[in-house]
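These notes concern the structure reproduced below.
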Amino acid sequence: MTLHEAQTQVDAWIKTYGVRYFSELTNMACLTEEVGELARIMARRYGDQSFKPGEADTLADEMADVLWVLICLANQTGVDLDEALRHNFEKKTQRDKVRHLNNEKLNPQK
């Protein structure tokens with residue numbers, strides 16, 4: 001599925017089942033909440049915290065929740081995520097094409 005297809009499917013779902021989009025500000029708060037839930041799973045799975053009894057390790061689901069709300073915000077604000085990601089690759093490549101290769105912290109053999 002492309003990002004464009006995901007944006008189209010989320011929009012159709014919202015219009016069919018969600019009644020309407022939450023406001024942009026509410027969705028920004030929802031995105032922050034979902035990122036926090038993702039951070040909790042990451043801290044337990046890869047960090048020093050442990051899962052509480054009965055707490056589920058739902059990493060993929062939490063990532064999908066973050067993506068869902070981000071797609072909602074893109075739809076609401078008229079952002080084409082395919083184009084935005086393409087542009088972001090170009091920006092990062094131009095800016096960082098040698099920076100990481102020359103970073104001694106990433107390449108300790110140098």
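Tabulated values for the structure
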read-out: GNM flexibility winner over the chain from VAL19, VAL35, VAL79 (Cα, springs under 10 Å); value: VAL19
read-out: Cα-based reach from LYS105 at 23 Å (exclusive), listing lysines while leaving out same-chain residues under 8 positions away; value: LYS91, LYS92, LYS97
read-out: Gap separating the Cα centres of region 94-110 and region 42-84, nearest whole Å; value: 29
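Since every read-out is calculated from the coordinates, none of them should be taken as a lab result. If you're wondering where the values come from, they're calculated on a predicted model, not measured in any experiment.
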